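Okay, structure first, notes after.
The values are calculated or read from the model by the stated rules, or taken from the named source; none is laboratory data. This one's a predicted model, so the numbers in the text were calculated from it and none came from an experiment. Please note: Cβ atoms are built from the backbone with ideal geometry, for glycine as well, and neighbour counts cover all protein chains shown.
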Amino acid sequence: MPRYKAKILIIGPINSGKSTLANFLCDLNITLPQNIRPTKGLRILEYDVGGSRSEIDVQLWDASGDDKYSSFWPVFRKNTDGVVFVYSQEDDFGVRKLDLMYNYFVTQPNLSPRACLVCAMHSEEINAKLSSTFSKVSQITVNLESQGEKFRQDFSKYVVSVVNTTINK
């Protein structure tokens, strides 16, 4: 059975839920955190996605949304196979930052929109709307408390799609 590797960058505004998603995918937290501590720079987490025909070693690059770390973006972007944009549906200002991130991490290196995923963290109050920049990117609303396993399955499908896109370049 072939084994593949995928470097997936998770980016978005500060306090949008990037680390919560990464922790969930890597089974680091069974319960969701109540107190949020901002990521300092970058965390790299690893886990496996198993399929019927192959295994994928996934490297999640959980990047801080703090602007003071933007000087590290070239390192984050290098050899990235896929980009996951995470935002809070309550944060209209944060959504506007996603356009800048899309330009840098997708448009400039000519990464396919099919290698991207937008995760809107579930909220009762929806104030934020994505720009047309994201019209060709798959988008899902994430509610880990009530639909965590569905998110895990959807994310695994996304990772397989990214690997297939990389293999077929």
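Do we find a residue being touching a helix residue (DSSP H, G or I) at 6+ places or on another chain (Cβ under 6 Å), of a type in the set (Ser, Thr, Tyr), at pLDDT below 95 and farther than 16 Å from ILE10 by Cβ anywhere in the stretch 116-127?
There is no residue in the stretch 116-127 that is touching a helix residue (DSSP H, G or I) at 6+ places or on another chain (Cβ under 6 Å), of a type in the set (Ser, Thr, Tyr), at pLDDT below 95 and farther than 16 Å from ILE10 by Cβ.
From the list VAL142, VAL163, VAL159, VAL118, which one is more than 25 Å from TRP73 (Cα to Cα) and in contact with a strand residue (DSSP E or B) (Cβ under 8 Å, 6 or more places away or on another chain)?
Of the residues listed, the single one that is more than 25 Å from TRP73 (Cα to Cα) and in contact with a strand residue (DSSP E or B) (Cβ under 8 Å, 6 or more places away or on another chain) is VAL142.
Which of the residues that make up the stretch 48-79 are at pLDDT 90 or above and among the hydroxyl-bearing types (Ser, Thr, Tyr)?
If we filter the stretch 48-79 for residues that are at pLDDT 90 or above, which is where we start, we get 56-79.
The answer is SER64, TYR69, SER70, SER71.
How many residues, within the stretch 102-115, are farther than 15 Å from PRO13 by Cα, over 12 Å from the mean Cα position of the chain (by Cα) and either of a type in the set (Asp, Glu) or buried (at least 16 other Cβ atoms within 10 Å of the Cβ) (or both)? Before the answer, list the steps.
First pass over the stretch 102-115, keeping only residues farther than 15 Å from PRO13 by Cα: 106-115.
Still in the list and also over 12 Å from the mean Cα position of the chain (by Cα): 106-114.
Narrowing further to those that are either of a type in the set (Asp, Glu) or buried (at least 16 other Cβ atoms within 10 Å of the Cβ) (or both): 106, 111, 113.
Looking only at that region, the number is 3.
Looking at GLY82, is it among the small types (Gly, Ala, Ser) and in contact with a Cys (Cβ under 9 Å, 6 or more places away or on another chain)?
yes
Looking at the stretch 58-74, which of its residues are of a type outside the set (Lys, Arg) and either in a strand (DSSP E or B) or free of Cβ contacts under 8 Å to residues at least 24 places away in the same chain (or both)?
From the stretch 58-74, those of a type outside the set (Lys, Arg) are 58-67, 69-74; that's our starting set.
Result: VAL58, GLN59, LEU60, TRP61, ASP62, ALA63, ASP67, SER70, SER71, PRO74.
Can you tell me which of SER123, SER132 is polar (S, T, N, Q), free of Cβ contacts under 8 Å to residues at least 24 places away in the same chain and surrounded by fewer than 16 Cβ atoms within 10 Å (Cβ to Cβ)? Show your work before the answer.
Values: SER123 fails: free of Cβ contacts under 8 Å to residues at least 24 places away in the same chain.
Going through SER123, SER132 in turn, just one is polar (S, T, N, Q), free of Cβ contacts under 8 Å to residues at least 24 places away in the same chain and surrounded by fewer than 16 Cβ atoms within 10 Å (Cβ to Cβ): SER132.
Please go through the stretch 78-95 and give me each residue that is in contact (Cβ under 8 Å) with a residue 24 or more places away in the chain and farther than 24 Å from PHE24 by Cβ, ordered by number.
Listed by number, the residues that qualify are ASN79, ASP92, PHE93.
Determine if the stretch 3-15 includes at least one residue that is among the β-branched types (Val, Ile, Thr), surrounded by fewer than 21 Cβ atoms within 10 Å (Cβ to Cβ) and modelled with pLDDT under 80.
No, every residue in the stretch 3-15 fails to be among the β-branched types (Val, Ile, Thr), surrounded by fewer than 21 Cβ atoms within 10 Å (Cβ to Cβ) and modelled with pLDDT under 80.
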